[in-house]
Structure formats: structure tokens, C-alpha cells
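Before any comments, here is the structure.
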Amino acid sequence: MFILRKIALFPVHLAPFIRDELSKQDDAKWQSISMLQLKSPMIALLLSLGAGPYGADRFYLGDTALGVCKLVATVVWIITLIIQGLNKTPSNALLLLFLITTSIVILWYFIDIFLVTEKTKKLNYNKLLTSLN
């Protein structure tokens with residue numbers, strides 16, 4: 001029953017392994033398994049789409065260091081964008097910094113959109129395995 005209700009939270013190709021591992025557990029273990037706080041891949045994806053450049057998806061998954069890095073990259077990008085707009089003759093160094101941060105923010109945003117759901121499912125799977133052992 002657990003697998004049927006929660007299969008969308010785990011990698012699909014690991015469902016048979018999860019089913020086998022769960023069938024080996026005694027009744028005392030089921031309470032701790034049912035109390036697991038699993039992350040939703042859909043929420044992670046929505047956070048990535050809506051607030052990904054600010055690191056919201058990474059913070060949601062508990063990956064604080066990368067969340068802070070994404071946030072800092074976005075803040076630097078916004079600051080350089082503002083300075084570029086205020087300067088009548090922007091410097092080459094500032095323009096280079098703007099192009100680098102723009103590339104980082106955009107690439108990281110799109111990469112995370114495609115990887116965040118699978119990362120969430122793997123995180124849930126590892127949490128389940130830890131609980132089972």
C-alpha cells in the first residue's frame with residue numbers, strides 16, 4: 001500500500017527494490033517508515049521554476065550551500081545589471097562580470113529545472129533506505 005501511495009516520490013525504476021525491502025520489514029518498523037518526511041518532486045519543480053535563481057529549490061531539498069551560491073550569483077547579477085543601467089559608459093570589467101553572472105544564473109536555472117525532480121526522488125529514496133537500516 002505504501003508503494004502505491006508514494007511511488008511518485010521515488011525513482012520509478014527502483015520500485016521493485018523498494019517493494020522487496022519493505023516486504024522484509026517487521027511491524028515495528030512500519031511506524032517509522034510511515035512517519036518519514038518525504039519531499040515532493042512537484043513542489044521542488046515549482047520552486048525551481050518560480051524562484052530557482054534565488055536558490056529556493058536547493059533550500060527546499062536541504063542543499064543550503066548551493067542554495068546560497070545560487071542566491072549570491074543572482075544578487076551579483078542584479079547589482080551589475082543596475083550599475084550597467086546607471087552608468088552612461090560602463091567599464092569592460094563590469095560588462096564582463098555582467099556577462100559571466102548572466103551565463104551562470106541562466107545555465108544553472110535551466111539545468112536545475114531538468115534535474116530537480118530526479119534529485120528529489122533520489123533524496124527520498126536515500127531517506128527511506130536509511131530508515132530501513
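The values are calculated or read from the model by the stated rules, or taken from the named source; none is laboratory data. What you see is a predicted model; the values in this text were computed from it and never measured. Please note: Cβ atoms are built from the backbone with ideal geometry, for glycine as well, and neighbour counts cover all protein chains shown. Surface accessibility is based on the protein's heavy atoms, side chains included, excluding ligands, DNA and RNA. Shrake-Rupley method; radii C 1.70, N 1.55, O 1.52, S 1.80 Å.
Most tightly packed first, judged by the mean number of other beta-carbon atoms within 10 Å of their residues, the peptides 85-98, 64-77, 42-55, 3-16 read 42-55, 64-77, 3-16, 85-98. Using 0.36 nm per residue and subtracting the Cα-Cα separation, the extra length available between K127 and V75 on full extension is 15.5 nm. With all protein chains in place and a 1.4 Å probe, the accessible surface of the chain carries 70 percent carbon and sulfur. Computed over the chain, relative contact order equals 37 percent, with contacts defined as Cα pairs under 8 Å that lie 6+ residues apart. Out of W77, I104, P11, whose Cα points farthest toward the positive end of the dipole of segment 2-105 (charges: +1 Lys, Arg; -1 Asp, Glu; placed on Cβ)? About the Cα centre, the residue reaching furthest to the positive side is W77. Treating each Cα of the chain as one equal point scatterer and applying the Debye formula with no solvent, the log10 of I(q)/I(0) at q = 0.10 Å⁻¹ comes out as -0.46.
With protein chains left intact and a 1.4 Å probe, residues in the chain average 62 Å² of accessible area per residue. Between L49 and L94, the contour length at 0.36 nm per residue exceeds the alpha carbon distance by 13.4 nm. Taken along the Cα-to-beta-carbon direction at a fixed 7 Å, the label points for S34 and L22 span 1.2 nm. Treating r as the C-beta distance of I7 and I111 and R0 as 25 Å, the FRET efficiency rounds to 0.45.
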